[in-house]
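The values are calculated or read from the model by the stated rules, or taken from the named source; none is laboratory data. Since we're looking at a predicted model, the values are computed, not measured. FYI the Cβ positions are ideal-geometry reconstructions off the backbone, even for glycines, and counts take in every protein chain you see. Calculation scope for accessible area: heavy atoms of the full protein, side chains included, ligands and nucleic acids excluded. Shrake-Rupley method; radii C 1.70, N 1.55, O 1.52, S 1.80 Å.
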Amino acid sequence: MSADHVSLATAPRPLIGPHAGEAATVAAVRRRPARRPGRVRSLGWAILGPAALVLGACAGNAPQDTLEPEGPIARQINNLINPVFIVAGVVFVIVQFLVVYFVVRYRHRPDRPEPVQVHGNTKMEIAWTAAPAAILLVIAFPTIATIFELAADPAPDAVHVTVVARQFWWEYRYDDYDVVTANELVIPTDRDIAISLESIDVIHSFWVPKLAGKTDVVPGRVNHMRLYASEPGRYQGQCTEYCGLSHANMRLVAVAKTPADFDAWVANQRGDAPEPAEGTPAAAGKALFAANCTACHTIAGVSDGTIGPNLTTFATRERFAGAIFENTPENLRRWIPNAPGVKPGVVMPAFDTLDEEQVDNIIAYLGTLR
Ligand code: CUA
């Protein structure tokens, strides 16, 4: 017997652990009763743990569920995910079953001889190379077909929108309509939306899960994608490429309207902002806006700043600041004096020198922008 074949019976006793002080012999391990209450408990956890994980995936309200598509583009992706997932699931279950089976069936026992070794068995090598190759080949056909379908050119009557990503909000330019808006992407139903993606700072990624896949937005190049909504509705989305402190606060909503409602929206977005009546809080707010906000914000007919969102029709949007806040006076009261405090890393400074009345006047003015 060589020096490295130390008998279990003569092995040193463990100093810590459940068998500290007990001779760690196989006989001692075998003496323990086969069924302990602890084993039932671990079995319970083994079932409960995965069950909790699986049930955690169930949600009544899942606005960004890519598995519940609301348009043909998202549906094409979903139609590819499902069969591939089934194939992958079957492979996963078979492989896991075999791993567990072999671990148990051929586990080491002191009196058991070494099992037959199959290393270099040509038939098995060919089998487990050919089977995955065949599976991948089968999956490749629908995958490549879907890639080409998704990359198809937009229809000739498509609405063109340039999406400009910024830290940490989205600007939408409808050059054909002379409209610029932010965070809420308004689109007509039943029509291709041809999107050009640009970034003015870092890499972002544009994603509305129920309408289409995600596409990166890279500074210095223009990426293209299509959106298509079959039903009117508000479809939530977000930036999906880490882009800085408020990456998680860079959300968006695609608002799909019927063609008639979309045309009405476009007509309303154009032209100069309305003039508030003299002597009203809104008129005072407009003067404060002119003194504090025009370097960054555009309001058609008032200012032409391009650092922050165009506010010409601000009151028509349901959300603001990367679509994280509902457009309410209360939220604007928190936002204007302390934007960096409620959205870290934001470019807008804290206007904390304005008193409450001044902030309320600005809010009154913003309320007229519709
Ligand atoms: Cu923009 Cu993450």
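Accessible surface of the chain, 1.4 Å probe: 62 percent of it comes from carbon and sulfur atoms.
Note on the chain: with a GNM built from Cα contacts shorter than 10 Å, the maximum mean-square fluctuation among GLU356, GLU231, GLU125 falls on GLU125.
Cross-link reach is defined here as a Cα-Cα straight distance under 22 Å, omitting same-chain residues fewer than 8 places apart; for LYS257 the lysines meeting it are LYS210, LYS214.
Considering only Cα atoms, the convex hull volume of segment 50-106 works out to 82 Å³ per residue.
Loop-resident trypsin sites (Lys or Arg not before Pro) (DSSP state other than H, G, I, E or B) in segment 100-178 with no more than 11 further Cβ atoms inside 10 Å of their Cβ: ARG107.
Stretch ASN82-GLU318 to full length: gain in nm at 0.36 nm per residue minus the Cα-Cα span? Walk me through the intermediate numbers first.
Working: separation 236, 0.36 × 236 = 84.96 nm, distance 3.45 nm.
Once the chain is fully extended between ASN82 and GLU318, it gains 81.5 nm.
Counting 0.36 nm for each residue step from ASN338 to ILE307 and taking away their Cα separation leaves a gain of 9.4 nm. Take the Cβ atoms of VAL347 and HIS108, set R0 to 56 Å, and the FRET efficiency comes out at 0.30. Among MET225, MET250, MET348, MET124, the order of accessible area from largest down is MET124, MET348, MET225, MET250, computed with a 1.4 Å probe on protein heavy atoms. The residues VAL91, VAL255, sorted by heavy-atom accessible surface at 1.4 Å with ligands and nucleic acids left out, run VAL91, VAL255 from largest to smallest. Each Cα pair under 8 Å and six or more residues apart adds its sequence gap; the mean of these over the residue count of the chain is a relative contact order of 13 percent. With kT/(6 pi eta Rh) evaluated at 10 °C and eta = 1.306 mPa s, and Rh the Kirkwood radius from Cα pairs, the chain diffuses with a coefficient of 61 µm²/s according to Stokes-Einstein. Each DSSP beta bridge with both residues in the chain is either parallel or antiparallel, and the antiparallel ones are about 70%. Within the full protein context, the accessible area of TRP128 is estimated at about 140 Å² for a probe radius of 1.4 Å.
Using only the heavy atoms of the protein chains and a 1.4 Å probe, how would HIS297, HIS119 rank by accessible area, largest first?
Ranked from most to least accessible, the order is HIS119, HIS297.
Of the residues ALA127, GLY305, PRO337, the one whose Cα sits farthest towards the positive end of the charge dipole of the chain is ALA127 (charges of +1 on Lys and Arg Cβ, -1 on Asp and Glu Cβ, taken about the Cα centre).
Each of HIS247, PRO69, LEU98 was scored by the projection of its Cα onto the charge dipole of the chain, and the greatest displacement toward the positive side belongs to LEU98; charges sit on the C-beta of Lys, Arg, Asp and Glu. Of the trypsin sites (Lys or Arg not before Pro) found in segment 203-251, those that fall in a DSSP loop while having at most 14 other beta-carbon atoms within 10 Å are ARG221. Against the chain, whose longest principal axis comes from its Cα atoms, helix 122-150 is set at around 10 degrees.
Using Cβ point charges alone (K and R +1, D and E -1), the dipole size of the chain about the Cα centre works out to roughly 3160 debye. Annotation: lysines with alpha-carbon distance below 25 angstrom to LYS286 (same-chain offsets under eight excluded): LYS343.
Report the full-extension gain for the segment ALA133 to ALA290: residue separation times 0.36 nm, less the Cα-Cα distance, to one decimal in nm.
Result: 49.9 nm gained on full extension.
Give me the net charge of ALA158's neighbourhood, meaning all other residues with Cβ under 12 Å from the Cβ of ALA158; Lys, Arg count +1, Asp, Glu -1. Intermediate values should be presented prior to the final figure.
Values: positive: ARG191, ARG226; negative: ASP153, ASP157, ASP176, ASP190, ASP192.
After counting each charged neighbour, the total is -3.
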